[in-house]
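Step one of this worksheet: look at the structure below.
The values are calculated or read from the model by the stated rules, or taken from the named source; none is laboratory data. It should be emphasised that the depicted structure is a prediction, and the values quoted were computed from it without experimental measurement. No Cβ is skipped: glycine too gets one built from the backbone with ideal geometry, and neighbour counts run over all protein chains shown. Surface accessibility is based on the protein's heavy atoms, side chains included, excluding ligands, DNA and RNA. Shrake-Rupley method; radii C 1.70, N 1.55, O 1.52, S 1.80 Å.
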Amino acid sequence: MNENSTARSSCFDETYLLDGSPVENTADPWVAGTGIERPLSHLPGHDQLSSRFGVAHGKLDRAFFRLADVVIAGVAIIIFLPLLLLIAILMQVTSPGPLLFVQQRVGRAGAMFPCLKIRTMHVNASEMLTRLLEQDPDARAEWAKDFKLRVDPRITPTGGILRKSSLDELPQLFNVLVGHMSIVGPRPIVPAEIERYGLHFADYCSVRPGLTGLWQVSGRNDISYAERVQLDRRYAASKSLSLDLTIMLRTVPAMLRARGCY
């Protein structure tokens, strides 16, 4: 399946194109209420985190985090199964085509995995984007700025609702169940985004990507990509049960506010 595999959409879920610019060296954003407000420069070896999680947490800790992921994902799948079936019916009625969009993304330690989501774009999304950028100078300028469109004609009516509520990401519970992802962690990236992390890609690779994380509860697409990188660095350096619980509790109100393209 290919939901615009060569272009990025108004939300995170499509492939990112590179603009060639280096990762900005901005000040670390302050994340209120997470207990990790201190600058990363105060953390020893914060640029060498490729194995930090494995070193800082023993086997028992890692087993606990994994068990929590499996239990939460399993219960959530049972709860949301009727909703998934309803979404599947609505998708087939409003936009016939594949139900799922499967894309290779970067996981822990740099391993690739098939990331699942419900298709939210028309099946000819790539062609639609090409025509739009050729015909609309304003859209072309907006896309050139950060590869996003606030009003994206490629997104189906049902897909727009799913994106606002993040329900299109429900299939990623199965990614959590099999160990590709965690409930909490950096959002999974595509290979083209690695360059945006620069030297901090090791931070991203030190933990499993998650269904939710600091980026989601801090504004998501309302913040810059450089700030997103800093948030992922903070999470990798400070992963703990209390931090994960804090993020999960803040996820629900963030979704209800539809903040940052939820």
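Structural remarks
- Residue list for the range 95-130, restricted to those being open to solvent by 70 Å² or more (accessible area, probe 1.4 Å) and over 12 Å from Arg154 (Cβ atoms): Pro96, Gln104, Arg108, Ala109, Met112
- From Arg196, Arg233, Arg208, residue being over 26 Å from Arg150 (Cα atoms) and open to solvent by 30 Å² or more (accessible area, probe 1.4 Å): Arg208
- Any hit, the range 157-167, residues being more than 20 Å from the chain's Cα centre (by Cα) and either more than 21 Å from Phe80 (Cβ to Cβ) or of a type outside the set (S, T, N, Q) (or both): yes
- Residue ID - modelled with the lowest pLDDT, chosen from residues in the range 239-257 that are among the hydroxyl-bearing types (Ser, Thr, Tyr) and buried (at least 18 other Cβ atoms within 10 Å of the Cβ): Thr251
- Scan of the range 221-248 for residues that are outside any helix (DSSP H, G or I), under 24 Å from Glu193 (Cα atoms) and not hydrophobic (A, V, I, L, M, F, W, C), ordered by number: Ser224, Lys239
- Complete set of residues in the range 178-193 that are open to solvent by less than 20 Å² (accessible area, probe 1.4 Å) and of a type in the set (Val, Ile, Thr): Ile183, Val184, Ile189, Val190
- Of all residues in the range 159-169 being open to solvent by 20 Å² or more (accessible area, probe 1.4 Å) and in contact (Cβ under 8 Å) with a residue 40 or more places away in the chain, the one that is farthest from Ile72 (Cα to Cα): Gly160
- For beta carbons closer than 8 Å, sequence separation of 6+ or different chains, a first residue in the range 221-239 that is among the hydroxyl-bearing types (Ser, Thr, Tyr) and a second that is assigned to a helix (DSSP H, G or I), the qualifying pairs are Tyr225/Asp146; Tyr225/Arg196; Tyr235/Leu214; Tyr235/Leu243.
- Scanning the range 125-177 for residues being part of a helix (DSSP H, G or I), among the acidic types (Asp, Glu) and within 29 Å of Glu227 (Cα to Cα) gives a total of 5.
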